[in-house]
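Heads up, the thing below is written out as structure tokens.
The values are calculated or read from the model by the stated rules, or taken from the named source; none is laboratory data. Predicted model, so just to flag it, every value in this text is computed and none were measured. Because the Cβ atoms are built from the backbone with ideal geometry, glycine has one as well, and the counts that use them run over all protein chains shown. Areas reflect the complete protein model, heavy atoms only, side chains present, ligands, DNA and RNA absent. Shrake-Rupley method; radii C 1.70, N 1.55, O 1.52, S 1.80 Å.
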Amino acid sequence: MNLFDRLQQETNVERDYLISAPIIRRCFEGDISIGDYVDFLSQAYHHVKHTVPLLMNVGAKLPEDQEWLREAVAEYIEEELGHQEWILNDIAACGADKEGVRASKPHFSTELMVAYAYDSINRVSPLAFFGMVHVLEGTSIALADNAAQMIKDKLLLPDQAFSYLRSHGALDIEHVKFFENLMNKITDSASQDLIVDSAKRFYVLYGNIFRNLAQDNVLNFSEAADAA
């Protein structure tokens, strides 16, 4: 079985954990506030701003015999430049303080996912990052466009508030096809296993970000330290 099909079939449990996050269910039931949406965008900013640095790290660590993969990483870098600024502009279009978000700290769950991304690249293999790519791009295709329309209709926000979600919805299908073709060139079983295992972990880490959104009873690490 090729790697992309394995990613689709062997991560069902972890994918369901992400998609079943309460805030995702509430969104599609129309039970969402501007605060929920801005909180989602704020955490997206805090992980998306690391995408290019992570990709640079991946490219630097790939061995010479995977130069074809390094060239693909270079294409990803070009595509991802500046996306964090799109998110901040969406936040401003919601009437929120984008500079306040820029200066804010991420939720602990967001920081954990970013930290694990850097750690897995450096400690395990640069290939581990492709598990994260599968989760973020695959989830976007499945949810982004529908979520954007639901939020727009419910909150009466302008089109300018959805550049991030729209860019990661149907318009991202070309990216996913590129990723599929790329992954199917990886035929070594150990490398495939590593990427599948990584995707499972990133589904859980990303799912935890959604499960922490807009939950006042969640105590972030920094808050716990301040209270100590």
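Assorted remarks:
- A single member of Leu112, Leu69, Leu88 is of a type in the set (A, V, I, L, M) and open to solvent by 30 Å² or more (accessible area, probe 1.4 Å), and it is Leu112.
- Meets criteria (modelled with pLDDT under 90, surrounded by 18 or more Cβ atoms within 10 Å (Cβ to Cβ) and among the hydrophobic types (A, V, I, L, M, F, W, C)) for Leu127: no
- Any chance Val133 is of a type in the set (Val, Ile, Thr), touching a residue at least 24 places away in the same chain (Cβ under 8 Å) and open to solvent by 20 Å² or more (accessible area, probe 1.4 Å): no
- Residue match in the range 137-159 (condition: modelled with pLDDT of 90 or more, assigned to a helix (DSSP H, G or I) and in contact with a Lys or Arg (Cβ under 6 Å, 6 or more places away or on another chain)): no
- Count of the range 21-44 residues which are outside any helix (DSSP H, G or I) and surrounded by 17 or more Cβ atoms within 10 Å (Cβ to Cβ): 2
Conditions (1) touching a Pro at 6+ places or on another chain (Cβ under 9 Å); (2) in contact (Cβ under 8 Å) with a residue 12 or more places away in the chain; (3) within 24 Å of Ile77 (Cβ to Cβ), marked per residue:
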{"residue": "Asp97", "(1), (2), (3)": "no, no, no"}
{"residue": "Val114", "(1), (2), (3)": "yes, yes, yes"}
{"residue": "Tyr118", "(1), (2), (3)": "yes, yes, yes"}
{"residue": "Asn122", "(1), (2), (3)": "no, yes, yes"}
{"residue": "Ala128", "(1), (2), (3)": "no, yes, yes"}
{"residue": "Gly138", "(1), (2), (3)": "no, yes, yes"}
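- Any chance Ala60 is small (Gly, Ala, Ser), under 21 Å from Phe179 (Cα atoms) and open to solvent by 60 Å² or more (accessible area, probe 1.4 Å): yes
- The range 74-92, residues that are in a helix (DSSP H, G or I) and not aliphatic (A, V, I, L, M): Glu75, Tyr76, Glu78, Glu79, Glu80, His83, Gln84, Glu85, Trp86, Asn89, Asp90
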